[in-house]
Amino acid sequence: MTKNCHEDDLNDRLAEREWMVQTQLMGRGITDEAVINSMLIVPRHKYVLEEKQEYAYYDSALEIESGQTISQPYIVALMAQALELMASDNVLEIGTGSGYSAAILSRMAAYVYTIERHGILSDIAKERFMIQGYENIEMYVGDGTLGWPEKAPFDAILVTAGGPVIPESLIDQLAIGGRLVIPVGDKGEQKLMRVKKVKTCQLIKEDLGSVRFVPLIGTEGWGESNIKN
Ligand code: SAM
């Protein structure tokens, strides 16, 4: 059996995942084989609301519990590719949401630590990881803008919500040579930024294009005062 996956899940709606990978990912410049394999294997329809399952392989984000979203498959793949993961990497994800991107990353890296501010989302994702046999994902409910200092340094950090700035705590917790991918901008639209930590005080920042994410809410993100979710 393939790592972290039951045989039934591999075949369940596989043709739709193959179509998704061909048309939405490979057709748009996703070339990383580990990303493509993960997206072929992880059953996205098991990470969305039951009434949205028929749309699970469409080219779009979908609403999940707590007023949040599971990102568009192409954006998940773009971010995973931008992290330039190696099989031995320790990864931190901010914004567990449905658990889908953590599952994708966990197939490409050694270990994934994922933080979510909504306890209900974390509980639902935890159950999915258990059912699907993912054993290299650790979860925490709290403010991900502060990172997870006890588990640092991280080879890669993925933030799946949009913040006003790049949180200093996350840069501090990035290993030398590490990569941080984060949407940065206003609440409507952000730039997907990749930050590479070359040395302690030397960062290379790249703009990977425009994206739209739900807000990153926390100490080093947007304040809670005028935001419902
Ligand atoms: N990775 C998710 C997936 O695969 O479904 C996408 C999640 S959604 C686009 C972004 C998530 O970030 C939301 O679930 C939201 O509650 C969470 N979030 C926002 N601010 C956060 C923070 N400071 N710490 C942890 N999670 C946060």
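Descriptive notes on the structure:
- Entry comment: accessible area of the chain is 45 Å² per residue, from protein heavy atoms only and a probe of 1.4 Å.
- The average projected area of segment 63-144, computed from the convex hull of its Cα atoms over all directions, is 5.0 nm².
- Distance histogram in 5 Å bins (all Cα pairs of the chain, percent per bin): 1, 7, 15, 20, 22, 18, 10, 5, 1, 0
- Antiparallel DSSP beta bridges within the chain, percent to nearest 5: 45 percent
- Accessible carbon and sulfur surface of segment 5-226 relative to its total accessible area, %, 1.4 Å: 51 percent
- Ranked by the mean number of other Cβ atoms within 10 Å of their residues, highest first, the peptides 204-213, 170-179, 72-81 come out as 72-81, 170-179, 204-213.
- Gain on full stretching of the segment that runs from Leu14 to Ser60 - 0.36 nm per residue minus C-alpha separation: 14.7 nm
- Kirkwood's formula applied to the C-alpha pairs of segment 117-206 gives a hydrodynamic radius of 14.4 angstrom.
- Theoretical ellipticity at 222 nm over the chain - DSSP helices of four or more residues, -39500 (n - 2.57) apiece, nearest 500: -6500 deg cm²/dmol
- Anisotropy class of segment 19-123 from Cα gyration tensor, a/c 1.5 cut: oblate
- For the chain: lysine pairs under 18 Å (alpha-carbon distance), excluding those fewer than 8 apart on one chain: 8
The values are calculated or read from the model by the stated rules, or taken from the named source; none is laboratory data. Given the structure is predicted, the values throughout are model-derived calculations rather than measurements. Here Cβ is always computed from backbone atoms with ideal geometry, including for glycine, and neighbour counts include all displayed protein chains. In case anyone asks, the SASA skips ligands and DNA or RNA and just uses the protein heavy atoms, side chains included. Shrake-Rupley method; radii C 1.70, N 1.55, O 1.52, S 1.80 Å.
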